[in-house]
Amino acid sequence: MISRRLFVGLTGIGLVIPSSLARAQIRSNPFTLGVASGSPREDSVILWTRLAPDPLQGGGMPAGDVEVRYRVWEDAEMRRLVREDSVLAPEADAHSVHLKLNGLKPGREYWYRFSVGDYESNVGRTRTISRGAKSTKLALASCQNWQSGFFAAYADMAAWAPDCVIHLGDYIYEGGVSTLGTRQVSKPGELQTFQTVRQHNSPEITTLWDYRNRHALYKSDPSLQAAHAASPWIVSMDDHEVDNNWAANVPQDPWAQTQLEFKVRKLAAFKAWYEHMPVERPPTLSGIETSLQMYGTYRFGPAQVHLLDTRQHRSDQVCGSGFPGQETCVDRDDPSRTLLGTEQEEWLTNALKQSDAEFNVLASQIWMAPYRFSPVDEPARANMDAWDGYPAARSRLLETISNGVAKPVVLSGDWHCAAAMTIHADPNNVRSKPIGHEFAGTSISSDCGWMHEMDQLRDVNPHVRHLNARQRGYCRFDVSNLHWTTTYRIVDDPYNPNSVCRTDKELRTHEM
Ligand SMILES: [Fe+2]
């Protein structure tokens, strides 16, 4: 637990230091988007900030690259200074800083701060990993629609200060402006109420300018800034960072744009994502094909996390887009269809086979366990955007993890519904061998408009141990060499930015 003093420090926006130095004609605080760290290794971490005195209008920086000073301390009181230097914030990257801090000690906390001219950022705390650690605490977050709720869950997460936050995407949403206020939806036997509590800053985003301003809008949230300042993050985008349900080079609505137009849009989305995330590598461009290296392995003592990219290399969805479930069709079973792509599938198979960790985590944007969206006397309906839409690829992966991979744990997001599930060797047959567990987080703030259907069909999904589609929040994982404990934290009121959080459910994998 971090102290209240530090928590206040972490959540504060940049402080102005009186000085005659006014460099680069920056006329107001450029540290409006906070600080962040990510991609923690035993000896390194990425430190991030972005200079943006006018964050919702392209940043508001004068032309040219800017030198940013940074200092790193070994203690929260900032007495033991271990690094002091400067790093470039390139204009071409929207004046974002991605500093790889090398030569650190494993399993240690560090505190850092940026400054430029007369301005100083808030203080961030980060932590390197340690392979040999006996325990670790990790948090899981996803799906944070700005409009449909506040981010109080992140304030609770920041106070807990995990070793790392795993974010599985839908960090921003690409849609336009909703009408403020209450909206009611009638479902058989219940009337659901949703609220739009704040508004997006533009119509649907498609250009680099739009994506930058949208990321900046989300990053302006003080609770989100606090969670970034409290812990390092590892991040992998899902669909809404670009376009709903996109797959490789196919947008949600291919009839509404040319493929070239979508590729240009994707490049803008990827570039803005890099500019706002504490990640090491920018997108690469080959001709007009852009790609981001998002998947990778991270070791946190007893847990080896395999962060997956289930969006960029997948075959297009098939059978139709019935929601929340679509009746299946023969195209779904085509063994050539892929979710991870050949290269990532090979990397994952090798990483899992070589792992000596007690727990092997698959951090997947989308649900791996099945969920049946029709009663037993009707043809099966499933979510074609999730692993359910890619059964051959799922079978290949489950075959790998059935063969000697220690304690597989799948983490997932996307569906705005908390669920603790058992994964079986034949995922649709609960009488087949249980081979792992899945913890789907709920959402930070995004609605689950299909919560009625989730509840109604709970009984035809007997592999589901815990289900809550009705509340927003995040997951905590306490992992030791022997035990994995998942705690579902939920916000009391998603429409109150200062809502308290509480524990909804605690589960241990050996008891599931
Ligand atoms: Fe989402």
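Counting charges near SER231 (Lys, Arg +1; Asp, Glu -1) among other residues having Cβ under 14 Å from its Cβ returns a value of +2. Over the stretch 103-240, the alpha carbon radius of gyration divided by the compact-protein estimate 2.2 N^0.38 Å works out to 1.27. The HN-Hα couplings worked out from phi for the stretch 177-193 by the Karplus form 6.51 cos²θ - 1.76 cosθ + 1.60 (θ = phi - 60°) are 8, 8, 7, 4, x, 8, 10, 10, 10, 9, 10, x, x, 8, 10, 9, 10 Hz, whole numbers, x standing for Gly and Pro.
Roughly how many whole Å is it from the C-alpha centroid of the stretch 364-382 to that of the stretch 390-433? Cα centroid to Cα centroid, the span is 13 Å. Computed over the chain, relative contact order equals 15 percent, with contacts defined as Cα pairs under 8 Å that lie 6+ residues apart. Shown in residue order for the stretch 376-383 are the 3J(HN,Hα) couplings computed by the Karplus curve 6.51 cos²θ - 1.76 cosθ + 1.60 at θ = phi - 60°: 5, 8, 10, x, 5, 10, 9, 7 Hz (x for Gly and Pro).
Divided by 2.2 N^0.38 Å, where N counts the residues, the Cα radius of gyration of the stretch 295-404 comes to 1.15.
Fewest-first ordering of ARG299, ARG108, ARG396 by other beta carbons within 10 Å of each residue's beta carbon gives ARG108, ARG396, ARG299. Where does helix 208-219 land angle-wise versus the long Cα axis of the chain, in degrees 0 to 90, nearest 10? Long axis of 208-219 versus the principal axis of the chain: about 90 degrees. Cysteines of the chain lacking any other cysteine Cβ under 4.7 Å from their own Cβ: CYS143, CYS164, CYS417, CYS448, CYS475, CYS501.
Here the 3J(HN,Hα) profile of the stretch 158-170, calculated from phi with Karplus coefficients 6.51, -1.76 and 1.60 at θ = phi - 60°, is 4, 5, 6, 6, x, 5, 7, 9, 9, 10, 9, x, 6 Hz, Gly and Pro shown as x. Taking a sphere under 14 Å around the Cβ of ARG394 and counting the other residues whose Cβ falls inside, with K and R at +1 and D and E at -1, yields a net charge of -4.
Normalised by the number of residues in the stretch 378-512, the mean separation of alpha-carbon contacts (under 8 Å, six or more apart) gives a relative contact order of 18 percent. Near ASP504, the amide H atoms lying under 5 Å from its own belong to TYR488, ARG489, ILE490; only residues 5 or more places off or on other chains count, and H is placed 1.01 Å from N.
Legend: distances between Cα atoms for LYS353/LYS407; LYS137/LYS219; LYS187/LYS505; LYS137/LYS433; LYS353/LYS433; pairs beyond 22 Å are LYS137/LYS219; LYS187/LYS505; LYS137/LYS433.
By definition, a body whose alpha carbon gyration tensor gives a ≥ b ≥ c is oblate when a/c is 1.5 or more and a/b is not larger than b/c, and the stretch 234-274 fits this oblate description. In this label model, LEU180 and GLN293 are separated by 4.5 nm, measuring between points 7 Å along each Cα→Cβ vector. Between the amide H of ARG127 and those of TYR110, distances stay under 5 Å, these residues lying 5 or more places away or on another chain, with hydrogens modeled in the peptide plane. Neighbours of GLN304, meaning other residues whose beta-carbon lies under 14 angstrom from its beta-carbon, give a summed charge of +1 when Lys and Arg score +1 and Asp and Glu score -1.
Taking amide H positions as modeled 1.01 Å from N, with prolines and chain starts lacking one, the residues under 5 Å from TYR371 and 5 or more places away or on another chain are ASN383. Using alpha-carbon positions, what is the distance between the centroids of the stretch 140-200 and the stretch 212-249, in Å? One Cα centre to the other: 12 Å.
Between 0 and 90 degrees, the angle of helix 342-354 with respect to the longest Cα principal axis of the chain falls at about 90 degrees.
Divided by 2.2 N^0.38 Å, where N counts the residues, the Cα radius of gyration of the stretch 135-511 comes to 0.93.
None of the figures in this text is laboratory data; all of them are computed from the coordinates on show. The structure displayed is predicted, hence computed values, not measured ones. Note that we place each Cβ from the backbone using ideal geometry, even for glycine, and neighbour counts take in every protein chain shown.
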